[in-house]
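Asks: Quick one: the structure is below, and I'll ask about it shortly.
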Amino acid sequence: MSRVFSVSRSGYYDWLNRPPSARDIEDERLKVAIQAAHKRTRETYGARRLQKELADEGFDAGRDRIVRLRQELGLRCRQKRKFKATTDSNHTLPVAENLLGQEFTPIAPNQIWVTDITYVATLEGWLYLAGVKDVFL
(Lines give C-alpha, C1' and ligand atoms only; values in the text may rest on other atoms or scores of the structure.)
Protein backbone atom coordinates (compact mmCIF):
# COMPACT_ATOMS: atom_id res chain seq x y z
CA MET A 1 0.00 0.00 0.00
CA SER A 2 2.88 2.37 0.68
CA ARG A 3 4.02 1.96 -2.95
CA VAL A 4 0.55 2.91 -4.26
CA PHE A 5 0.63 6.22 -2.37
CA SER A 6 4.37 6.73 -2.90
CA VAL A 7 5.21 6.98 0.79
CA SER A 8 7.76 5.08 2.81
CA ARG A 9 6.59 2.47 5.30
CA SER A 10 8.30 4.32 8.12
CA GLY A 11 6.58 7.56 7.09
CA TYR A 12 3.18 5.84 7.05
CA TYR A 13 3.66 4.31 10.50
CA ASP A 14 5.02 7.60 11.84
CA TRP A 15 1.84 9.32 10.59
CA LEU A 16 -0.37 6.52 11.96
CA ASN A 17 1.13 6.69 15.47
CA ARG A 18 1.43 10.47 15.64
CA PRO A 19 -0.35 12.04 18.63
CA PRO A 20 -3.26 14.37 17.82
CA SER A 21 -2.28 17.97 17.16
CA ALA A 22 -3.42 20.89 19.29
CA ARG A 23 -5.87 21.82 16.53
CA ASP A 24 -7.35 18.31 16.47
CA ILE A 25 -7.80 18.41 20.25
CA GLU A 26 -9.44 21.85 20.06
CA ASP A 27 -11.68 20.63 17.22
CA GLU A 28 -12.92 17.78 19.44
CA ARG A 29 -13.71 20.25 22.27
CA LEU A 30 -15.46 22.49 19.77
CA LYS A 31 -17.46 19.56 18.37
CA VAL A 32 -18.84 18.82 21.84
CA ALA A 33 -19.79 22.48 22.29
CA ILE A 34 -21.37 22.61 18.82
CA GLN A 35 -23.48 19.53 19.53
CA ALA A 36 -24.64 20.97 22.86
CA ALA A 37 -25.48 24.36 21.33
CA HIS A 38 -27.21 22.68 18.39
CA LYS A 39 -29.48 20.76 20.74
CA ARG A 40 -30.01 23.72 23.09
CA THR A 41 -31.12 25.96 20.22
CA ARG A 42 -33.59 23.29 19.00
CA GLU A 43 -31.48 22.70 15.87
CA THR A 44 -32.47 26.08 14.41
CA TYR A 45 -29.18 28.04 14.48
CA GLY A 46 -27.02 28.18 11.38
CA ALA A 47 -23.25 28.73 11.37
CA ARG A 48 -23.41 32.51 11.91
CA ARG A 49 -25.73 32.43 14.90
CA LEU A 50 -23.93 29.37 16.26
CA GLN A 51 -20.62 31.25 16.02
CA LYS A 52 -21.99 34.04 18.23
CA GLU A 53 -23.48 31.51 20.65
CA LEU A 54 -20.12 29.73 20.96
CA ALA A 55 -18.23 33.04 21.31
CA ASP A 56 -20.46 33.87 24.29
CA GLU A 57 -19.31 30.57 25.82
CA GLY A 58 -15.64 31.44 25.23
CA PHE A 59 -14.95 29.46 22.05
CA ASP A 60 -13.08 31.45 19.41
CA ALA A 61 -13.83 29.80 16.07
CA GLY A 62 -14.41 31.12 12.59
CA ARG A 63 -17.57 30.50 10.62
CA ASP A 64 -15.86 28.22 8.07
CA ARG A 65 -14.44 26.08 10.87
CA ILE A 66 -17.88 25.75 12.44
CA VAL A 67 -19.34 24.83 9.03
CA ARG A 68 -16.66 22.15 8.55
CA LEU A 69 -17.18 20.66 12.03
CA ARG A 70 -20.97 20.67 11.64
CA GLN A 71 -20.57 18.79 8.35
CA GLU A 72 -18.27 16.27 10.03
CA LEU A 73 -20.91 15.79 12.75
CA GLY A 74 -23.71 15.57 10.20
CA LEU A 75 -25.63 18.46 11.81
CA ARG A 76 -28.03 20.59 9.81
CA CYS A 77 -30.35 23.25 11.13
CA ARG A 78 -34.08 22.93 10.76
CA GLN A 79 -35.76 25.41 8.50
CA LYS A 80 -38.42 27.45 10.24
CA ARG A 81 -41.78 27.04 8.62
CA LYS A 82 -44.74 29.32 8.67
CA PHE A 83 -47.35 28.23 11.21
CA LYS A 84 -50.43 26.95 9.46
CA ALA A 85 -53.71 26.85 11.35
CA THR A 86 -55.31 23.43 11.11
CA THR A 87 -58.74 24.25 12.50
CA ASP A 88 -61.50 23.11 10.16
CA SER A 89 -64.61 25.28 10.56
CA ASN A 90 -66.45 23.59 7.70
CA HIS A 91 -67.64 20.40 9.35
CA THR A 92 -70.86 18.61 10.22
CA LEU A 93 -70.07 18.11 13.90
CA PRO A 94 -72.41 19.64 16.50
CA VAL A 95 -71.56 23.17 17.64
CA ALA A 96 -72.51 24.45 21.11
CA GLU A 97 -75.29 27.03 21.12
CA ASN A 98 -74.46 30.64 22.05
CA LEU A 99 -76.42 30.97 25.29
CA LEU A 100 -75.21 34.48 26.18
CA GLY A 101 -75.84 36.32 22.94
CA GLN A 102 -72.86 38.61 23.73
CA GLU A 103 -74.49 39.71 27.03
CA PHE A 104 -71.63 39.52 29.58
CA THR A 105 -73.16 41.32 32.57
CA PRO A 106 -73.87 38.83 35.36
CA ILE A 107 -75.55 40.04 38.57
CA ALA A 108 -74.01 37.38 40.83
CA PRO A 109 -70.97 35.10 40.95
CA ASN A 110 -70.97 31.74 39.16
CA GLN A 111 -73.56 32.76 36.58
CA ILE A 112 -71.25 33.20 33.58
CA TRP A 113 -67.96 31.43 33.14
CA VAL A 114 -65.75 31.83 30.09
CA THR A 115 -63.01 29.46 28.91
CA ASP A 116 -60.29 29.31 26.34
CA ILE A 117 -57.61 26.89 25.27
CA THR A 118 -54.22 27.50 23.71
CA TYR A 119 -51.19 25.48 22.67
CA VAL A 120 -47.72 26.14 24.04
CA ALA A 121 -44.65 24.81 22.21
CA THR A 122 -42.02 23.35 24.57
CA LEU A 123 -38.86 21.30 24.13
CA GLU A 124 -40.91 18.21 24.97
CA GLY A 125 -43.68 18.96 22.45
CA TRP A 126 -47.00 20.78 22.55
CA LEU A 127 -48.72 21.47 25.87
CA TYR A 128 -52.36 22.44 26.11
CA LEU A 129 -53.27 25.32 28.42
CA ALA A 130 -56.92 25.83 29.35
CA GLY A 131 -58.20 28.80 31.34
CA VAL A 132 -61.54 29.24 33.12
CA LYS A 133 -62.76 32.58 34.48
CA ASP A 134 -65.87 33.79 36.26
CA VAL A 135 -67.01 36.94 34.42
CA PHE A 136 -68.48 38.44 37.62
CA LEU A 137 -65.05 38.93 39.20
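The values are calculated or read from the model by the stated rules, or taken from the named source; none is laboratory data. If you're wondering where the values come from, they're calculated on a predicted model, not measured in any experiment. Here the Cβ positions follow ideal geometry from the backbone for every residue, glycine too, while neighbour counts run over all protein chains shown.
Asks: Kindly check whether there is at least one residue in the stretch 112-124 that is polar (S, T, N, Q), modelled with pLDDT of 90 or more and surrounded by 12 or more Cβ atoms within 10 Å (Cβ to Cβ).
Replies: no
Asks: Return the residue satisfying two criteria in turn: it lies in the stretch 41-75 and is of a type in the set (Lys, Arg) and touching a residue at least 12 places away in the same chain (Cβ under 8 Å), and of such residues it is nearest to Leu123 (Cα to Cα).
Replies: Residue satisfying both the conditions and the ranking: Arg42.
Asks: Looking at the stretch 117-129, which of the residues that are free of Cβ contacts under 8 Å to residues at least 60 places away in the same chain and of a type in the set (A, V, I, L, M) is farthest from Lys39 (Cα to Cα)?
Replies: The selected residue is Ile117.
Asks: Okay, moving on. Got at least one residue in the stretch 75-83 being closer than 30 Å to Val32 by Cα and at pLDDT 90 or above?
Replies: yes
Asks: Quick one: is Gln35 more than 23 Å from Tyr119 (Cα to Cα), in contact with a Lys or Arg (Cβ under 8 Å, 6 or more places away or on another chain) and in a helix (DSSP H, G or I)?
Replies: Here the answer is no, as Gln35 does not meet what is asked.
Yes/no matrix, rows are residues, columns are (1) among the acidic types (Asp, Glu); (2) in contact with a Phe, Trp or Tyr (Cβ under 8 Å, 6 or more places away or on another chain); (3) surrounded by 11 or more Cβ atoms within 10 Å (Cβ to Cβ):
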site: Arg9; (1), (2), (3): no, no, no
site: Tyr13; (1), (2), (3): no, no, yes
site: Ala22; (1), (2), (3): no, no, no
site: Asp64; (1), (2), (3): yes, no, no
site: Arg81; (1), (2), (3): no, no, no
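Asks: Is there any pair linking a residue in the stretch 104-116 that is under 29 Å from Leu127 (Cα atoms) to one that is among the charged types (D, E, K, R) and surrounded by 11 or more Cβ atoms within 10 Å (Cβ to Cβ), with Cβ under 6 Å and at least six apart or on different chains, and which?
Replies: Taking only residues 6 or more apart or on different chains, the pairs are Trp113/Asp134; Val114/Lys133.
Asks: Still on this model: Checking Ala121 against (1) under 30 Å from Thr41 (Cβ atoms); (2) in a loop (DSSP other than H, G, I, E, B), which single condition isn't satisfied?
Replies: (2)
Asks: Being in a loop (DSSP other than H, G, I, E, B) and surrounded by 15 or more Cβ atoms within 10 Å (Cβ to Cβ) is the filter here, so list the residues in the stretch 49-62 that pass it.
Replies: Phe59, Ala61, listed by residue number.
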